[in-house]
Amino acid sequence: MVADITSWGRASRDPLRLRRGQVAALDGAPGYGLTRIGLSLLAEHATSGPIAYLDVRGWLSPLAAWEMGIAPDRLLVARCGDVVRWGRAAAALLDGVRGLYAEVPAGARDAVIRRLGAMARRSGTPLVLRPLRGSVPAGVATMRIAAAGVRWDGVDHGHGRLRTRTTQLVVSGKAVRGMTQQMEVEDDGANAVRVVSDLGAARAGRTG
């Protein structure tokens, strides 16, 4: 059995739900589905206003956001690959949207990232940070989602049709009461990300 991430969060307090003013940090290599997971955290906030995606690489397909439940007229995509201007762009977006997914360019200063986290908390705007290199500074994120592994079903030696991608996640931080939790989520690259029942939110221990 599987459950859609958004409905699972409302029904069973799944940690993959980002509340107003919370900051999520995503850690993991490309291909783990973290973009879709990050967008799914913001989908419920799109019902009350626009969601912005700050695209550093120029890779985002709006279809990924639409598949996560963010309506086309609620999605704003801004591109900024300049590390100096990036902080100002992110701050301007935070000031005018209901949620922000921001890729973090290599070389972004910790002080700038900390200011964005503080701004998100003050304004009540949920913020997802996806570093392209390294990680978000300690104390900024209320939730850390780290991809620990990925399993592909239906693709063998680069051939075949993808049926599912299952990603193993480690979730930690104040948003999950200081606990480290392990879970698996799956998708087929086109539909909603789903939490795998009985494996989701398995408690692993307390973080420091």
Residues whose placed amide H lies under 5 Å from that of ASP55, excluding near-sequence neighbours: ALA78, ARG79, CYS80
With label points built 7 Å along Cα→Cβ from the Cα atoms of VAL84 and ARG133, find their separation and express it in nm. 1.8 nm
Label-point separation, THR47 to ARG121 (7 Å along Cα→Cβ), nm: 2.8 nm
Among GLU103, GLU184, which comes first, then next, by fewest other beta-carbon atoms within 10 Å? GLU184, GLU103
Sort ASP73, ASP110 so the one with the fewest other Cβ atoms within 10 Å of its own Cβ comes first. ASP73, ASP110
Output ordering of 140-148, 115-123 (per-residue mean of other Cβ within 10 Å, highest first) is 140-148, 115-123
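Here, each number is a calculation from the coordinates, and none is a lab measurement. Treat the numbers as computed from the prediction; the structure is a model and nothing was measured. As a convention, Cβ positions derive from the backbone with ideal geometry for all residues, glycine included, and neighbour counts pool all protein chains shown.
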